[in-house]
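Structure first, commentary second.
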Amino acid sequence: MLDVTLIRQQPEQVREALRKRAVDADLPAFLALDARFRETRTTVERLRGERKRISAEIAAHRRTGTAADDDDLQATATALADQVTEAEAELAQLAREHQQFLDALPNLPDEDVIAGGKENNEVVRTVGAPRPDLAPRDHVQLAQDLGLVDYRRGAALAGSGHWIYRGDGAALEWALLNHFLDSHRRAGYEFVLPPHLLTYEAGYTAGQFPKFADEVFAVEEGEGGRPERFLLPTAETALVNLYRGETLDEAELPRKYVAYTPCYRKESGSHRTADRGTLRGHQFNKVELFQFARPADSDTAQLELLARAEELVAGLGLHYRVTKLAAGDTSPAQAKTYDVEVWLPSLGAYTEVSSVSNAREYQARRGGIRYSPEGGGKTAYVHTLNASGLATSRLLPAILEQHQRPDGTVVVPEVLRRWGLPDLLA
């Protein structure tokens, strides 16, 4: 959520920042609503005070036996009660409209994030290069030939957008997850296994609700189809809520967490080449990194998270690149995002395996997550950051395609062999 004081004091700056996302918010209308809201709130407070004063005066007269001539006071008290009820109803309606407007606003992109959609994403660096000797087989065919993934039976069990890892495919998936978790734990991240079912408040704090409420798998619905409980689309949604409504000590920051969960999303792939296999599905595995940081440290924290993601991709021997997303391609809750993208030879294109994002205070403001400065003084909102560390459903295709050999076998990255995998998948 954006700071309403910033909108009041610098509306043009806010409007221009939102336009980088192609969001044209009617800030003059909101400021008029905000003025009515604050004026009505003052009126309610004044009327309540007056009603309290009159009630106290009537009570004092009754105690002293001088209430005989209180008819005018009683009439005034009755009129004030009616006025308070009417003003409170108006305030409640204005408060709803006020909050609905703020809830719908995305985060402001950082100044160095350029405007536009994905066509304006900037390649920061490219590591490695495509193999010149490779006449690539498609990862779907490789997975089927090697008995790693059963697409047909996965769809038979759960419908399109689902698959089954089998044999060495399941072992490879599990080795990737163990390798990632082991690496992050050794780097000082606390391991968390969160619930897979979350409440509406969790989705709201993460910035996914109310706008994207129809994109999750709801298991309990409330009024208007509101997802009162839903399957988490990413562990970020759980981790950002660890300290919802709490105030941390500055000395405790940063707090670093790593979580493993399956992720459940309504959006999935199609029969298009770019979506086939495990590239896009309704359920996939992901290791997620998360930090609660001081505002002064959040830029450094984001670069640390990016370095962790890159280290893992590079350690698998994969050709990849890092892309800085344009404002329109950045998630609404985030201020700046870097994507780590692996090369898929069969597509002749890159696909994202990690998004490394800084939400600044946007999520913390929605969830009421603050910290107390060490030297005393006013509490402030923490900054929240997240990164995939990593998502496996796109790594397996990249490993198969980039490490395939002419005879149809696939070289297993050396860092994964200690988890019981062979040197070659054949």
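Bear in mind these aren't lab numbers, they're just calculated from the coordinates by the rules spelled out. Everything quoted here is computed from the prediction, not taken from an experiment. Note that each Cβ is placed from the backbone with ideal geometry, even for glycine, and that neighbours are counted across all protein chains shown.
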With no solvent term and unit scatterers on the alpha-carbon positions of region 283-338, Debye gives log₁₀ I(q)/I(0) at q = 0.16, 0.17, 0.19 Å⁻¹ of -0.64, -0.72, -0.89
The rounded separation in angstrom of the Cα centers of region 382-426 and region 228-248 is 29
Dipole check, the chain, charges on Cβ (K,R +1; D,E -1), about Cα centroid: among 410, 302, 158 the Cα furthest to the positive pole belongs to 410
Among 199, 178, 389, the residue whose Cα sits farthest towards the positive end of the charge dipole of the chain (+1 at Cβ of Lys and Arg, -1 at Cβ of Asp and Glu, taken about the Cα centre) is 178
Summing -39500 (n - 2.57) over every DSSP H run of at least 4 residues in the chain and dividing by its residue count gives a helix-only mean residue ellipticity at 222 nm, to the nearest 500 deg cm²/dmol, of -12500 deg cm²/dmol
Once Lys and Arg are counted +1 and Asp and Glu -1 for all other residues with Cβ under 11 Å from that of residue 290, the total becomes -1
Computed for region 26-104: size of charge dipole around the Cα centre, +1 on C-beta of each Lys and Arg, -1 on C-beta of each Asp and Glu, debye to nearest 20, value 360
Two pseudo-spin positions, 7 Å from Cα along C-beta at residue 145 and at residue 79, lie apart in nanometres by 9.1
Expressed in nanometres to one decimal, the distance between label points 7 Å along Cα→Cβ at residue 35 and residue 418 is 6.6
For the chain, the dipole about the Cα centre with charges only on Cβ (Lys and Arg +1, Asp and Glu -1), to the nearest 20 debye, works out at 800
Here FRET efficiency (C-beta to C-beta, residue 124 to residue 86, R₀ 56 Å, nearest 0.05) is 0.45
Straight-line reach check, residue 118, cutoff 15 Å on alpha carbons, 8 or more apart in-chain or any other chain, hits among aspartates and glutamates -> 329, 339, 341, 352
The ³J(HN,Hα) series, computed from each phi in region 92-107 with the Karplus coefficients 6.51, -1.76 and 1.60 at θ = phi - 60°, rounded to the nearest Hz and given as x for glycine or proline, is 4, 5, 5, 5, 5, 5, 4, 5, 4, 5, 5, 4, 7, 6, x, 5
Semi-axes (Å, rounded, descending) of the ellipsoid equivalent to region 181-220 per its C-alpha gyration tensor are 28, 11, 9
Between the residues 89, 55, 78, the Cα farthest towards the positive end of the dipole of region 26-104, that dipole coming from +1 and -1 charges on the beta-carbon of Lys, Arg, Asp and Glu, is from 55
Magnitude of the Cβ-charge dipole (Lys and Arg +1, Asp and Glu -1) of region 350-392 about the Cα centre, nearest 20 debye, reported as 240
Rounded to one decimal in Å, the inverse mean reciprocal Cα-Cα distance for region 26-104, i.e. its Kirkwood radius, is 14.4
Mean Cβ-within-10 Å packing, highest first, puts peptides 208-218, 151-161, 253-263 in the order 253-263, 208-218, 151-161
Semi-axes (Å, rounded, descending) of the ellipsoid equivalent to the chain per its C-alpha gyration tensor are 53, 22, 20
Check: C-alpha center region 131-200 vs C-alpha center region 319-378, spacing in Å is 23
Flagged as over-length at 24 Å C-alpha distance, from 266/324; 256/286; 52/378, the pairs are 266/324; 52/378
Ranked output for segments 78-88, 362-372, 293-303, 225-235 by mean other Cβ atoms within 10 Å, highest leading, reads 362-372, 225-235, 293-303, 78-88
